[in-house]
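S.K.: If you scroll down you'll find the structure; I have some questions about it.
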Amino acid sequence: MSMEISTVVRHTKFAAEETRKQILDVAEFCFCETGFSKTTLEMIAARAGCTRGAIYWYFNEKKDLLRQVIERVPLSLFDELTAIKNGRVSEPVKAMYRCLSRSLIKLQYNVHLRNVIYIVFFCEECPDDIRINFLQKMVDVNNFVKLLCYIFEKGKLYREICSEIRSETLAFLLFSLFTGGGAKLHSAT
């Protein structure tokens, strides 16, 4: 009897997690397709094959749903660059290049990451507080630029860079190139 209850509980837990994941997947799709403000919980429920009540079981409101769509995407770029800064790397700029290349490859193959970036940066009606929280989660802009600057300085010491261009300028240029500019970033700082 105990074994049957345990199996049922596991099955129920699994089904609940699958329902939650399905709601998140559908919400992500709807936010990309129609934008945050035009997406309704009814639309999500219909496409997910559940009720609005099921959505409210897992999420407090539509904004909470968007927040959790965003939070399920892992972001590790800052940690990887910090490891380059703190490590004994003889070619820090090349290591940074490889790290940034890996990030772009991840972006190419990770549909959820691409969708989240689209929602946050290109859907105008993405709530500002969610956009700002994502940017802060993604990277503390000032620390990120300082980190890039440090890696460029280290690259100059190791003679990987033979340029008179200041490391700060290189860091801002790379940051802008990698993030698509800074128009929306200024609101986060």
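Coordinate-derived values only; no laboratory data. Everything numeric in this text was worked out from a predicted model, so none of it was measured. With ideal geometry, Cβ positions are generated from the backbone for all residues, glycine too; neighbour counts draw on all protein chains shown.
S.K.: Nearest 10 degrees is fine. How inclined is helix 92-109 to the longest principal axis of the chain, computing both from alpha carbons?
M.R.: Result, in degrees: 30.
S.K.: Sorting R159, R72 on the 10 Å Cβ count, fewest up front, what's the list?
M.R.: R159, R72
S.K.: Please enumerate, by chain and number, the lysines with C-alpha under 27 Å from the C-alpha of K154, excluding those fewer than 8 residues away in the same chain.
M.R.: Reachable lysines: K85, K94, K106, K137, K146.
S.K.: Sticking with this one: So what is the 222 nm mean residue ellipticity for the chain from helices alone, if each DSSP H run of at least 4 adds -39500 (n - 2.57) and you divide by all residues, rounding to the nearest 500 deg cm²/dmol?
M.R.: That comes out to -23500 deg cm²/dmol.
S.K.: In addition: How far is helix 167-179 tilted, in degrees, relative to the longest principal axis of the Cα atoms in the chain, given as a value from 0 to 90 rounded to the nearest 10?
M.R.: 30
S.K.: If you don't mind, another one. To test your reading of the geometry: what angle, between 0 and 90 degrees and rounded to tens, separates the Cα axis of helix 62-71 from the longest principal axis of the chain?
M.R.: 50
S.K.: So what are the chain's ellipsoid semi-axes, whole angstrom, largest first, if each one is the square root of 5 times an eigenvalue of the alpha-carbon gyration tensor?
M.R.: 40, 21, 12
S.K.: Right, here's the next one. May I ask for the Kirkwood hydrodynamic radius of the range 7-70, worked out over all distinct Cα pairs and given in angstroms to one decimal?
M.R.: 11.8
S.K.: State, as an integer percentage, the relative contact order of the chain based on alpha-carbon contacts under 8 Å between residues 6 or more apart.
M.R.: For the chain, the relative contact order is 21 percent.
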